[in-house]
1. Taking only pairs six or more apart or across chains, which ones have beta-carbon atoms under 8 Å, a first residue in the stretch 4-32 that is on the phi > 0 side of the Ramachandran plot, and a second residue that is part of a helix (DSSP H, G or I) and open to solvent by 70 Å² or more (accessible area, probe 1.4 Å)?
2. Identify, please: which residue in the stretch 309-324 is among the hydrophobic types (A, V, I, L, M, F, W, C) and in contact (Cβ under 8 Å) with a residue 12 or more places away in the chain and is, among those, most open to solvent (accessible area, probe 1.4 Å)?
3. Of LYS169, LYS155, which residue is open to solvent by 30 Å² or more (accessible area, probe 1.4 Å), in a strand (DSSP E or B) and not small (Gly, Ala, Ser)?
4. Return yes or no: is ARG292 more than 22 Å from ILE329 (Cβ to Cβ), in contact (Cβ under 8 Å) with a residue 40 or more places away in the chain and touching an Asp or Glu at 6+ places or on another chain (Cβ under 7 Å)?
5. Cβ-Cβ under 6 Å, sequence separation 6+ or interchain: first residue in the stretch 94-110 and more than 19 Å from SER185 (Cβ to Cβ), partner open to solvent by 40 Å² or more (accessible area, probe 1.4 Å) and assigned to a loop (DSSP other than H, G, I, E, B). Which pairs?
6. Could you identify the single residue in LEU125, LEU139, LEU135 that is crowded, with 17+ Cβ neighbours inside 10 Å, without any contact (Cβ under 8 Å) to a residue 60 or more places away in the chain and of a type outside the set (Gly, Ala, Ser)?
7. For the stretch 1-30: of the residues being over 21 Å from CYS340 (Cβ atoms) and open to solvent by less than 70 Å² (accessible area, probe 1.4 Å), which is nearest to the chain's Cα centre (by Cα)?
Amino acid sequence: MNYEAFFRRELDGLRREGRYRVFADIERSAGDFPRATHHRERGRREVTVWCSNDYLGMGQNPAVIAAMHAALDRCGAGSGGTRNISGTSHHHVLLERELADLHGKESALLFTSGYVSNWATLATLASRLPGCVVLSDALNHASMIEGIRHSRAAKLMFAHNDPDDLHRKLSGLDPALPKLVAFESVYSMDGDIAPIAELCDVADRHGALTYLDEVHGVGLYGPRGGGIAERDGVSDRLTVIEGTLAKAFGVHGGYIAASAALCDFVRSFSSGFIFTSSLPPAVAAGACASIRHLKASSTERERHQAVVAAVRRGLDAAGIPHLDNPSHIVPVMVGDAVRCKAIGDLLLDRYGIYVQPINYPTVPRGTERLRVTPSPLHTEADIDHLVKSLSAAFAEVNLERVA
């Protein structure tokens with residue numbers, strides 16, 4: 001077999017479909033975000049970033065940066081090993097305490113990313129609970145799907161955000177079997193929010209564990225940034241809350257918060273935890289500072305919601321189609337992969353706006369979009385420029401706007 005020719009043919013197919021991913025060489029400007037420098041063949045150019053998952057700009061918060069500098073000077077660059085072999089610093093211990101407190105749980109466990117925390121925890125729980133059946137929301141993230149698949153446990157998919165369908169699926173199972181219901185709080189591409197209390201009602205009725213992915217909720221919702229579950233007052237009803245440190249907290253890493261026994265169980269049996277180096281101490285220190293700040297300050301969350309609302313009003317006034325949802329994620333709908341990439345290229349090259357096109361397999365074919373994520377740091381002038389630029393780009397690629 002000509003392996004290189006095979007690779008090239010597959011990549012050429014992605015290009016023809018408009019689905020070939022091109023990484024934008026973006027250098028964030030600390031202290032001036034959402035401004036960034038776009039490095040390109042024709043030289044450097046300042047752009048405004050409208051698609052970052054650093055939702056609150058905490059990646060440049062002075063307290064976070066200062067904490068990371070102090071830990072770097074004190075501890076050095078890396079962790080030096082796995083958590084079991086020299087890789088547990090006091091910064092890791094303190095961060096896990098902060099996370100457990102954030103979610104009102106007995107314990108927390110750090111992972112190297114949100115993807116890994118989902119994959120490793122779901123794979124461990126579902127594989128080691130004897131005869132476990134996993135009930136998975138139809139739109140769960142790839143990391144959750146991969147963890148469930150890796151467990152080789154039986155899986156049933158329930159209709160997205162549908163407690164009635166979950167009840168039907170659970171009703172058909174042996175009541176004696178262990179059951180795990182896995183779902184998200186904020187779904188990252190459509191921006192809709194799960195009916196957590198109703199899903200917990202169904203799970204409780206059938207004796208099932210509950211696993212909530214809060215990666216797009218933590219830091220952003222609730223009086224202390226504990227996510228949608230904290231906002232809705234249902235954190236205590238969830239067996240496991242999983243989150244990330246790489247989005248609203250602005251740093252890096254993933255975690256779970258749960259009972260002391262469950263966290264210890266995952267710590268002791270999960271290969272995805274046991275056999276990987278731990279987060280650098282400076283990263284753990286920065287995340288700890290970010291969580292502490294957002295527990296005490298609601299200013300960032302309030303400003304964030306105000307900017308999100310202003311962006312939606314601007315898009316509505318200009319007739320730019322976007323999904324109406326109750327979250328901070330603003331999906332501008334295009335519905336065609338080639339045109340979606342063309343609009344993204346126009347925004348970046350002509351208007352100095354960076355919004356990454358989102359195509360299949362991240363979203364279904366025919367629902368291609370630009371995923372706009374406003375931040376507290378975007379100004380009224382930024383919003384006006386975004387809306388006008390989108391209007392011009394839509395016109396250039398002959399896409400109709402909403403009357």
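1. Correct list of pairs: GLY18/VAL338; GLY18/ARG339.
2. Looking at residues that are among the hydrophobic types (A, V, I, L, M, F, W, C) and in contact (Cβ under 8 Å) with a residue 12 or more places away in the chain, I get ALA317.
3. Working: LYS169 fails: in a strand (DSSP E or B).
Just a single option satisfies the conditions, and that option is LYS155.
4. Details: more than 22 Å from ILE329 (Cβ to Cβ): yes; in contact (Cβ under 8 Å) with a residue 40 or more places away in the chain: yes; touching an Asp or Glu at 6+ places or on another chain (Cβ under 7 Å): yes.
For ARG292, the condition - more than 22 Å from ILE329 (Cβ to Cβ), in contact (Cβ under 8 Å) with a residue 40 or more places away in the chain and touching an Asp or Glu at 6+ places or on another chain (Cβ under 7 Å) - is met.
5. Partner pairs satisfying both residue conditions: GLU106/SER259.
6. Values: LEU125 fails: without any contact (Cβ under 8 Å) to a residue 60 or more places away in the chain; LEU135 fails: without any contact (Cβ under 8 Å) to a residue 60 or more places away in the chain.
Going through LEU125, LEU139, LEU135 in turn, just one is crowded, with 17+ Cβ neighbours inside 10 Å, without any contact (Cβ under 8 Å) to a residue 60 or more places away in the chain and of a type outside the set (Gly, Ala, Ser): LEU139.
7. Taking the stretch 1-30 first, the residues over 21 Å from CYS340 (Cβ atoms) are 1-9, 27-30.
Still in the list and also open to solvent by less than 70 Å² (accessible area, probe 1.4 Å): 5, 29.
Details: ALA5: 35, SER29: 22 Å.
Ranking the candidates gives SER29 first.
Yes or no, residue by residue, for (1) over 28 Å from PRO331 (Cα atoms); (2) at pLDDT 90 or above:
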position: PHE7; (1), (2): yes, yes
position: ASP12; (1), (2): no, yes
position: ARG15; (1), (2): no, yes
position: TYR20; (1), (2): no, yes
position: ASP25; (1), (2): no, yes
position: THR37; (1), (2): no, yes
position: GLU41; (1), (2): yes, no
position: VAL47; (1), (2): no, yes
position: TRP50; (1), (2): no, yes
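The values are calculated or read from the model by the stated rules, or taken from the named source; none is laboratory data. If you're wondering where the values come from, they're calculated on a predicted model, not measured in any experiment. Note: ideal-geometry Cβ built from the backbone for every residue, glycine included; neighbour counts use all protein chains shown. Note: accessible area is taken over every heavy atom of the protein model, side chains too, but ligands, DNA and RNA are not part of it. Shrake-Rupley method; radii C 1.70, N 1.55, O 1.52, S 1.80 Å.
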